[in-house]
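Read the structure below first, then the notes.
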Amino acid sequence: MVISASLVTWFSGPTLQTAPPIGDWVALTPVLLLGLTALILFVIDSIDPDDASNTPALAGTAAVGTVLALGAAVVLLAAGIGQGQGGALRLYGGQLIVDGMALFFTVIFTSVATLVIVASYDYLADRVYQAEYYMLILLAATGMTLMAAAGSLATVFISLELASLPSYALVAFLKDNRGSVEAGLKYFLIGALSSAIFAYGISLVYGATGRLGLDAIAQQLSGGTQLVGILGVGVLMVAGGFAFKTASVPFHFWAPAAYEGAPAPVSAFLSSASKAAGFVVAFRVFAVAFSPDAVAASVDWTLAFWLLAAVTMTIGNFAAATQDKVKRMLAYSSVGHAGYVLIGLAALNAGQNGLVLGASMIHLLVYGFMNTGAFLFVALAEHWEIGRTFEDYNGLGTQAPIACVAMSVFMFSLAGLPVGGGFMSKYFILVGAVGTGHFVLAALLLINSALSLYYYSRVVRSLWFEDPADSLSIDGYPVGLYAAVIGAAVITFLLLPGIFLASDVATSAASALFA
Amino acid sequence: MVAVQYYLLLSGAIFCIGLFGILTRRNALFFLMSVELMLNAANINLVAFSFQYGNLTGQVFSLFITALAAAEVAVGIGIILVLYRNFGDVDVTKATTLRW
Amino acid sequence: MTTRPRLNLGSHLIPGLVALALFVVLALVFLTASFPAPQGFDGAPITPSIGYAMFDLAGGQIPSESFLIAFEIIDLVLIAALAAAVMLARREGDGKLVGIEEIRTDGGHSRDSTTDADADPDSGSDAEVTNDTDPNTATGSDTATPTGEEAN
């Protein structure tokens with residue numbers, strides 16, 4: 001009798017409180033598609049694990065999954081889901097928030113993932129563990145889209161781990177290559193350390209507010225808090241966790257080693273998508289939970305980000321200028337670009353929040369294409385086995401002109417010349433910095449961009465104006481790698497005139513955070 | 001009744017011990033253990049504050065951190081295994097093909 | 001932090017001071033914070049409430065944020081960790097390990113431990129154990145770490 005009574009209460013009593021209605025599941029389509037594709041790959045691989053002939057099926061499934069997720073995200077963004085009048089969609093009691101910013105970044109992640117997967121088909125030819133590779137890429141992308149939509153520090157931490165754990169393994173993917181293994185080790189060591197610091201920071205923020213939900217924290221803090229010290233240490237540690245994910249100072253030093261040692265498509269994925277994921281979650285946590293209005297009197301974190309932005313872009317660019325390997329140069333330049341984007345956080349609370357944050361979002365979008373393209377060109381060079389230094393690229397323009405045109409577009413766009421979207425996005429950041437009175441940051445941005453032109457143009461000079469070495473020869477033009485590189489170049493170029501399409505979406509999505 | 005400050009001091013001490021271990025140990029397995037210490041320091045805080053505020057959010061989240069720590073160790077051991085196969089050692093300073 | 005060439009007590013000083021300084025800062029912050037009396041749970045059942053909170057069910061007597069989505073994400077995390085760990089740890093094709101010819105279970109330090117054991121069973125093995133588990137505190141005997149151990 002007791003059992004049946006408890007069964008009755010089990011059936012009738014507890015009900016799901018906050019599971020979203022069926023209609024709201026549509027908003028999660030990109031996440032679900034990415035996750036399901038990863039599981040499908042698992043199934044395909046377990047049917048016939050040792051068969052090398054199912055490689056096209058694996059790569060094709062993965063690419064279809066990311067393209068579908070990309071399409072879904074674009075449709076949702078265009079349909080205005082979670083934007084405008086209705087406000088953000090809150091699922092699971094606010095644990096997930098689907099709004100313009102989440103969808104905007106989902107577009108970035110899925111685009112980068114698509115390019116990387118298409119390029120990996122050639123790069124990974126004849127390697128084992130391909131199913132695991134694509135699956136880990138997809139799971140990491142799932143984690144990133146969840147990071148973009150995370151509405152509580154608990155969800156932030158767990159989805160950050162979902163993005164990180166596959167990345168560690170992907171960096172060490174070339175198991176018999178010492179550089180790759182060492183890169184994976186260093187990435188893992190710093191990642192584990194920073195996630196521990198991040199967790200401790202979260203526990204202190206919980207200690208100061210008694211909440212983990214971003215909105216709830218903001219609500220608690222808006223009335224002022226007695227526990228300024230604990231909150232301050234917690235916020236600093238949380239910022240440290242984001243600094244790791246975005247490869248900013250002081251947790252940037254894993255980036256050169258990890259990007260150099262990792263397989264080049266994985267470097268592209270990490271330096272573009274993973275960095276953007278770190279930034280979106282930093283934007284959301286700092287703009288919503290520790291909203292500048294609420295905590296300006298107690299914990300003025302904009303000053304910390306001001307310092308981080310200045311130091312990060314300077315260190316990144318000066319270190320990049322002294323490199324002799326192209327991949328390592330790109331790694332340091334990736335640190336420098338993190339510094340540019342950090343201006344968006346440093347310039348908050350000066351009355352132009354939507355504008356400056358929107359500028360950072362646009363830069364991350366453009367950066368997603370141009371930086372991915374640049375790393376994929378390096379992947380192409382590794383595929384041809386022509387070497388890693390600037391000199392090894394000498395005269396490549398005579399052998400592979402189309403890819404070299406694409407690479408030139410990436411380089412000039414990264415430097416901020418008007419041949420690609422990088423010019424406009426950097427201009428937006430500059431306008432935001434000047435408009436909020438951060439003239440020092442604006443000046444640093446200009447100086448660093450000028451410096452970056454020096455080392456980016458070294459690559460272009462090698463490609464076109466140096467005489468090729470006698471031994472330079474390339475075998476074949478791999479279709480997948482070429483398609484990815486050219487696709488990235490075309491979009492980078494199209495974003496120069498088309499930037500205003502994206503900038504409206506980004507600015508309104510950023511403004512919605514502060515509404 | 002133990003004041004919440006004592007739990008905080010305990011967790012702070014454990015966190016710093018973990019940090020000390022990370023800064024001084026060359027053995028990758030010790031590194032993993034030190035990270036576990038730091039994560040568990042966060043767990044102590046979460047549980048203590050959960051009682052302080054009378055809600056269960058912190059306690060439930062500490063369970064999730066425990067699970068994540070296990071997942072992290074699984075991947076970490078995998079990386080240490082390939083490190084050992086390539087470099088013949090689990091010393092993190094032995095891997096010096098790349099510069100930092 | 002990991003690039004220091006040798007470890008001895010002297011080089012533990014700086015990290016020790018760093019950790020100690022951090023603890024002093026944390027302790028100062030914690031002790032100067034003033035908390036109200038804890039609210040506690042008033043004897044409400046905690047474990048069932050954790051279950052209700054984790055699966056986002058009505059019925060828990062203690063308030064909590066919902067963790068259903070976190071539970072679903074952590075499922076994916078564990079799948080990812082499983083796939084990653086298996087991929088990394090699996091032996092290649094013919095059962096041979098990549099890059100190393102024999103399996104050693106002692107951390108790679110004691111290839112010559114048999115000769116040690118022959119010469120002086122007790123102290124020899126003790127020294128090896130100290131070296132294997134904790135090379136850092138083996139005072140003054142760090143040179144015992146063999147340098148010619150690397151495979152390949």
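The values are calculated or read from the model by the stated rules, or taken from the named source; none is laboratory data. Worth saying up front: this structure is predicted, and the values here are computed from it rather than measured. For neighbour counting, all protein chains shown are included, and Cβ atoms are generated from backbone atoms with ideal geometry for every residue, glycine included. Side chains included, ligands, DNA and RNA excluded: accessible areas come from the protein's heavy atoms. Shrake-Rupley method; radii C 1.70, N 1.55, O 1.52, S 1.80 Å.
Couple of notes before you dig in:
- Estimated purely from DSSP H runs of n ≥ 4, each contributing -39500 (n - 2.57), the mean residue ellipticity at 222 nm for chain B is -28000 deg cm²/dmol once divided by its residues.
- Surrounding net charge for A:L364, when Lys and Arg each add one and Asp and Glu each subtract one, Cβ distance under 14 Å: +4
- For region C:43-90, the share of accessible area belonging to carbon and sulfur comes to 69 percent (1.4 Å probe, ligands and nucleic acids excluded).
- Measuring nothing but alpha carbons in the protein assembly as shown and taking Rh as the Kirkwood radius, the Rg to Rh ratio lands at 0.97.
- For A:S152, the residues whose modelled amide H falls within less than 5 Å of its own, excluding neighbours fewer than 5 places apart on the same chain, are A:L214.
- Only Cα pairs under 8 Å and 6+ residues apart enter the sum, and on that basis the relative contact order of region A:300-515 stands at 30 percent.
- The A:R127 and C:E72 beta-carbon pair, evaluated with R₀ = 25 Å, returns a calculated FRET efficiency of approximately 0.20.
- Derived scalar couplings ³J(HN,Hα) [region A:384-397; Karplus, 6.51 cos²θ - 1.76 cosθ + 1.60; whole Hz; x for Gly, Pro]: 7, 6, 9, x, 10, 8, 4, 5, 5, 8, 3, x, 5, x
- Chain B and chain A together bury an accessible surface of about 3900 square angstrom, both sides counted, with a 1.4 Å probe and no ligands or nucleic acids included.
- Per-q log10 I(q)/I(0), region C:43-90, q = 0.14, 0.24, 0.27 Å⁻¹ (Debye; single scatterer per alpha-carbon; no solvent): -0.48, -0.78, -0.89
- For the pair A and C, total buried accessible area rounded to nearest 100 Å², probe 1.4 Å: 3600
- Helix A:130-149 axis versus longest C-alpha principal axis of chain A: approximately 50°, rounded to the nearest ten.
- Contact order, relative form, for region A:406-515: 40 percent (alpha carbon pairs under 8 Å, 6 or more residues apart, mean separation divided by residue count).
- Spacing of the two label points (7 Å from each Cα toward its C-beta) at C:T47 and A:L494, in nm: 5.9
- Computed over region A:323-449, the Cα gyration tensor eigenvalues convert (square root of 5λ each) into semi-axes of 32, 13, 11 Å, ordered from largest to smallest.
- Axis angle, to the nearest 10 degrees, between helix B:28-53 and the longest C-alpha principal axis of chain B: 10 degrees.
- Probe 1.4 Å, protein heavy atoms only - accessible area per residue of region C:43-90 in square angstrom: 40
- Debye-sum result for region B:4-87 in log10 I(q)/I(0), which assumes one identical scatterer on each alpha carbon, at q = 0.25 Å⁻¹: -1.13
- Here region A:300-515 is treated with +1 on each Lys and Arg Cβ and -1 on each Asp and Glu Cβ, and its dipole about the Cα centre works out to around 440 debye.
- Here, region A:101-172 has an Rg and a Dmax of 13.1, 43 Å when only alpha carbons are counted.
- Qualifying lysines (Cα of each under 27 Å from Cα of A:K426; at least 8 residues distant if same chain): A:K245, A:K275, A:K325, A:K327
- Convex hull of region A:130-253 built on C-alpha atoms - directionally averaged projected area, nm²: 7.8
- Calculated P(r) of region A:22-174 - Cα pairs past 17 Å, %: 61
- In chain A, helical runs assigned H by DSSP with n ≥ 4 each contribute -39500 (n - 2.57); averaged across all residues and rounded to the nearest 500, the mean residue ellipticity at 222 nm is -24500 deg cm²/dmol.
- Contour excess over end-to-end distance, with Cα ends at A:A450 and A:A79 and 0.36 nm allotted per residue: 129.6 nm
- For chain B, the longest principal axis of the C-alpha atoms and the axis of helix B:4-24 are separated by about 0°.
- Note on region A:300-515: Cα-only Rg and Dmax are 17.9, 62 Å.
- Average Cα contact separation per residue, region C:43-90, under 8 Å, 6 or more apart, as relative contact order %: 25
- For region A:300-515, the solvent-accessible area of protein heavy atoms averages 35 Å² per residue (probe radius 1.4 Å; ligands and nucleic acids excluded).
- Number of partner chain Cβ atoms within 10 Å, mean per residue of A:147-159: 5
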